[in-house]
Amino acid sequence: MHGPHDLGGRDGIGPVDPEFLKPGIPEWRYPFEGRMHAVTAMAIAKGAFNLDEQRHGIELMKWSDYLDSTYYAHWLFSVEKLLNDKGYITHEEIDERMRELGTPSMTPHPTRPETLSPFAEKMIEVLWAGTPHDRPTDQPAAYAVGDAVMVRNLNEATHNRLPGYLNKTPGVIAKHYGAHHDPADSAHRQVETPHHLYMVRFTSTDLWGDEAPEAFDLYADLFENYLEPA
Amino acid sequence: MNWLSLTDVEARVNALESLMVEKGLAEHEAVDAVVASFENDMGPVNGAKVVARAWTEPEYREWLLSDATAAIADMGFTGLQTEHMVAVENTAERHNVVVCTLCSCYPWTLLGIPPAWFKYPQYRARVVKEPRSVLAEFGVSLPDDVKIDVWDSSAEIRYLVIPQRPEGTEGLTEDELVPLISRDSMVGTALVTAEAAS
């Protein structure tokens, strides 16, 4: 969908916050950031929702909230919505708990506990094992390296991983990765569908026009159903 | 709930964690353990070790360029968001820069948690349109004849930029090279110099 997250090429968003360019800033600047990240990973590990659902949930934020909120507010919005809609925790329960707990005092940079519970050990294992996304398929690939392709004019209001600025743009296949699990089917139907995935190369003039201010090439990883022959 | 209020967001994350623990979706100490793991065991020094080895071992560099997933896994850096890797090499003719325009995709176990500038809208919107200008704002001024390649991580493939090895480091060992290699140089928004990275 072309939601508030679909930012590539948008004008008027402004310069990078100079605060962010100061050296030595920790990647998690507030204690709630790491905790939000961790509970999200846990909910996924527990099977409450998957990563594609979590990404899609963020895309449903109000535009002004998305653009102006602190980054982990996005994760909070999505996780809260998923847990509510799937019947785990309601929005109202969170409202009530916020009132009960008041101002939190979170430990910044917690140390690893002396002994880990089985769940904590499992989570650390998950962090280092990861969850590969490649999938076997019998479907032959439609494209080969060097093929000229066109990105389709795809404007579905549901989840995909097609940046809007690539719509209707000609490109060249630079690499074929094999098949990966389709993010749309994962987000909307919680099923695994393998789709061939390609690295596609675009030129700055094809992207931004003959008067494009700069000359460069751009690469994006696109699923086969985003493409058609040129 | 004011989504633009930092204190509201913090209080709501706190409430959410509390409820998730009650409902069996999380454990407080496990949250501490996961946060500690990210902060202490994952970070750009992992990527710097990969780069330093590529600089000192030509065979490893070739392997990294042809099968980054395997070459990086060989050094023990596997895991969430580092499952599918591609390494792209900076040269005298070509400079690479990575972005995730749609969210904040980044190889966590290799480079750690992404910095704020990578995750917020401003960089994501502009670097796919004006990469040279954006790089100049990061202090990277490239000669006009250096070609720029921008990598938009739109699927689960994650990118590692292999920065150019600076002149004056020929005598350094792999271990001595590691501290020179900054996080930003592995995303493409900095060059490596012969002085230690901050």
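Has segment A:107-116 got any residue that is among the charged types (D, E, K, R), loosely packed, with under 13 Cβ neighbours inside 10 Å and over 21 Å from A:Leu51 (Cα atoms)? Walk me through it before giving the result.
Looking only at segment A:107-116, we keep the residues that are among the charged types (D, E, K, R), and these are A:112, A:114.
The next check asks that each one be loosely packed, with under 13 Cβ neighbours inside 10 Å; those that pass are A:114.
From what's left, over 21 Å from A:Leu51 (Cα atoms): A:114.
Scanning segment A:107-116 turns up at least one residue that is among the charged types (D, E, K, R), loosely packed, with under 13 Cβ neighbours inside 10 Å and over 21 Å from A:Leu51 (Cα atoms).
Can you tell me which residues in segment B:67-110 are assigned to a helix (DSSP H, G or I), buried (at least 23 other Cβ atoms within 10 Å of the Cβ) and of a type in the set (Ser, Thr, Tyr)?
Matches in segment B:67-110: B:Thr109 only.
Out of the residues in segment B:140-198 meeting the condition of being polar (S, T, N, Q) and within 12 Å of B:Pro44 (Cβ to Cβ), tell me which one is farthest from the other protein chains (Cβ to nearest Cβ).
Applying the filter and picking the extreme gives B:Ser185.
Please give the strands (runs of 3 or more DSSP E) falling wholly within segment A:128-219 in which 3 or more residues are hydrophobic (A, V, I, L, M, F, W, C) and closer than 30 Å to B:Ala33 by Cα.
Values: elements: A:148-151, A:170-181, A:194-203.
No strands (runs of 3 or more DSSP E) qualify here.
Starting from residues that are assigned to a helix (DSSP H, G or I) and out of contact with any strand residue (DSSP E or B) (no Cβ under 9 Å at 6 or more places or on another chain), keep the ones in segment B:127-143 and report whichever is nearest to A:Ile25 (Cα to Cα).
Let us first name the residues in segment B:127-143 that are assigned to a helix (DSSP H, G or I), namely B:131-137.
Add one more test, that the residue is out of contact with any strand residue (DSSP E or B) (no Cβ under 9 Å at 6 or more places or on another chain), and what stays is B:133, B:136-137.
Working: B:Ser133: 23, B:Ala136: 20, B:Glu137: 18 Å.
Top of the filtered list is B:Glu137.
Among the acidic types (Asp, Glu), more than 9 Å from chain B (Cβ to nearest Cβ) and over 16 Å from the mean Cα position of the chain (by Cα): is that true of A:Asp52 in this structure? Talk me through it step by step, then tell me what you get.
Details: among the acidic types (Asp, Glu): yes; more than 9 Å from chain B (Cβ to nearest Cβ): yes; over 16 Å from the mean Cα position of the chain (by Cα): no.
No, not satisfied.
Does segment A:9-20 hold any residues that are over 14 Å from B:Phe118 (Cβ atoms) and at the interface with chain B (Cβ under 7 Å from one of its Cβ atoms), and which are they?
Within segment A:9-20, A:Gly9, A:Arg10, A:Ile13, A:Gly14, A:Pro15 qualify.
Taking into account only those residues within segment B:144-177 that are basic (Lys, Arg) and part of a strand (DSSP E or B), which is surrounded by the most Cβ atoms within 10 Å (Cβ to Cβ)?
Residues of segment B:144-177 basic (Lys, Arg): B:147, B:158, B:165.
Cutting the leftovers down to part of a strand (DSSP E or B) gives us B:147, B:158.
On the way: B:Lys147: 14, B:Arg158: 26.
This residue is B:Arg158.
Among the residues of segment B:1-60, write down those that are within 18 Å of the chain's Cα centre (by Cα) and among the hydroxyl-bearing types (Ser, Thr, Tyr).
B:Ser37
Within segment B:63-82, does at least one residue satisfy the condition of being under 18 Å from the mean Cα position of the chain (by Cα) and closer than 26 Å to A:Gly9 by Cβ?
yes
Restricting attention to segment A:21-36, report how many residues are within 7 Å of chain B (Cβ to nearest Cβ) and either of a type in the set (Phe, Trp, Tyr) or in a helix (DSSP H, G or I) (or both).
The qualifying residues number 7.
So which residues in segment A:203-218 are facing chain B (nearest Cβ under 9 Å) and either surrounded by fewer than 16 Cβ atoms within 10 Å (Cβ to Cβ) or not hydroxyl-bearing (Ser, Thr, Tyr) (or both)?
Answer for segment A:203-218, where residues must be facing chain B (nearest Cβ under 9 Å) and either surrounded by fewer than 16 Cβ atoms within 10 Å (Cβ to Cβ) or not hydroxyl-bearing (Ser, Thr, Tyr) (or both): A:Leu207, A:Trp208, A:Ala212, A:Pro213, A:Glu214, A:Ala215, A:Phe216, A:Asp217, A:Leu218.
Could you grab me the full set of residues in segment B:2-44 that are more than 7 Å from every other protein chain (Cβ to nearest Cβ), of a type in the set (A, V, I, L, M) and either closer than 28 Å to A:Glu93 by Cα or surrounded by fewer than 17 Cβ atoms within 10 Å (Cβ to Cβ) (or both)? First the steps, then the outcome.
First pass over segment B:2-44, keeping only residues more than 7 Å from every other protein chain (Cβ to nearest Cβ): B:2, B:5, B:7-8, B:21-22, B:24, B:28, B:40-44.
Checking the rest, the ones that are also of a type in the set (A, V, I, L, M) come to B:21, B:42.
Result: B:Val21, single match.
Kindly provide the set of residues from segment B:82-122 that are out of contact with any Pro (no Cβ under 9 Å at 6 or more places or on another chain) and hydroxyl-bearing (Ser, Thr, Tyr), ordered by number.
B:Thr91, B:Thr109, B:Tyr120 - these are the residues of segment B:82-122 that are out of contact with any Pro (no Cβ under 9 Å at 6 or more places or on another chain) and hydroxyl-bearing (Ser, Thr, Tyr).
Here are A:Ala220, A:Ala187: which of them is within 16 Å of A:Ala148 (Cα to Cα), touching a residue at least 24 places away in the same chain (Cβ under 8 Å) and of a type in the set (Gly, Ala, Ser)?
Values: A:Ala187 fails: within 16 Å of A:Ala148 (Cα to Cα).
Testing whether each residue is within 16 Å of A:Ala148 (Cα to Cα), touching a residue at least 24 places away in the same chain (Cβ under 8 Å) and of a type in the set (Gly, Ala, Ser) leaves just A:Ala220.
Got a sec? Which helices (runs of 4 or more DSSP H) wholly within segment A:41-113 have at least 3 residues that are within 24 Å of B:Pro114 (Cα to Cα)? Don't jump to the end; show me each part of the working.
Values: elements: A:51-59, A:63-68, A:71-85, A:91-101.
Qualifying helices (runs of 4 or more DSSP H): A:51-59, A:63-68, A:71-85.
Given (1) in contact with a Ser or Thr (Cβ under 7 Å, 6 or more places away or on another chain); (2) touching a residue at least 24 places away in the same chain (Cβ under 8 Å), where does A:Ala215 come up short, assuming only one miss?
Condition not satisfied by A:Ala215: (2).
Would you point out which residue out of A:Thr40, A:Thr70 is buried (at least 19 other Cβ atoms within 10 Å of the Cβ) and facing another protein chain (nearest Cβ under 8 Å)? Spell out how you get there, then give the answer.
Details: A:Thr40 fails: facing another protein chain (nearest Cβ under 8 Å).
After applying the criteria, what remains is A:Thr70.
Every number here is computed from the coordinates shown, using simple stated rules; none is lab data. As the structure is a computational prediction, the values presented were derived from the model and not from experiment. No Cβ is skipped: glycine too gets one built from the backbone with ideal geometry, and neighbour counts run over all protein chains shown.
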